[in-house]
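Heads up: the structure comes next, in structure tokens.
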Amino acid sequence: TLYSTLQLIILDSGSVDGEINWMLGIARFLLPALTVYTAFQALMHLFAEQVQWLRLWRLRDHAIVCGLGRKGGHLVDELLGLGQRVVVIEREPERTRAAELRRRGVILIAGDATDRDVLASARIGRARYVICLLEQDRQNLQVAFQAYQLTRKRRKGTLTCIIHLDSPDLTNLLKRSELSIDADVPFQVETFHPYSRAA
């Protein structure tokens, strides 16, 4: 019975005597189509990483958002609405949210944004913005420091680093330290302190 059922997939297989009803006729076409579609989806899944690297290789003047929490999610939505190309770095992206963002054209890198290699893989050397929205001020400052170091080798354009900080003392300290940034490095720092902005 199993063998005869499989034979129904092959057109004009001779497995069924007489006239074939319309439901069986449609099924004989749909099953091979479903097989091809499944194989295509499997190949796309296997080569998704390679496709993403190809897209990254072509990117220029994009925004890198570090952290996909509540603030990061809202910001990504706003950037996409403005037509900005976006790369998101998130340590453990939620699967459903990640699939939705990829469908909307976001390049999502699963990794630690404080890692220099991860930032380099996001093509930070060709980005226009890097926005630090991680949970801790210390982590956001680490991202900014790594971005500054990577920008030393930059040849074209300026990288603007926007840092979210909860501590007003750190915000003031960072503003004072901006004066010590090497003028030859195409790197600008902007701080974002939510409580002072709200006030």
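Site pair S121 and R97 shows an inter-label distance of 2.0 nm when each label is modelled 7 Å from Cα along Cα→Cβ. Note on V185/F40: beta-carbon distance plugged into 1/(1 + (r/R0)^6) with R0 of 41 Å gives a FRET efficiency of 0.35.
When each full DSSP H helix of the chain is screened for a Cα extent of at least 27 Å along its own axis and an average Kyte-Doolittle hydropathy of at least 1.0, the helices passing are 22-46. Within the listed set L159, L59, L170, the residue fluctuating most in the Gaussian network model of the chain (springs between alpha-carbon atoms under 10 angstrom) is L170.
From the convex hull of the Cα coordinates of the chain, what is the mean projected area in square nanometres? Could you put the intermediate results ahead of the total?
Details: hull surface 66.2 nm².
Computed as one quarter of the Cα hull surface, the answer is 16.5 nm².
Residues within the reach of a label modelled at F145 (point 7 angstrom out along Cα to beta-carbon, backbone nitrogen below 17 Å), restricted to segment 96-133, are 112-120, 132-133. Counting every alpha-carbon pair across segment 109-190, the share separated by more than 22 Å comes to 20%.
Computed from the coordinates by the stated procedures, all read-outs in this text should not be read as laboratory data. This structure is a prediction, so every number in the text was calculated from the model and none was measured. For neighbour counting, all protein chains shown are included, and Cβ atoms are generated from backbone atoms with ideal geometry for every residue, glycine included.
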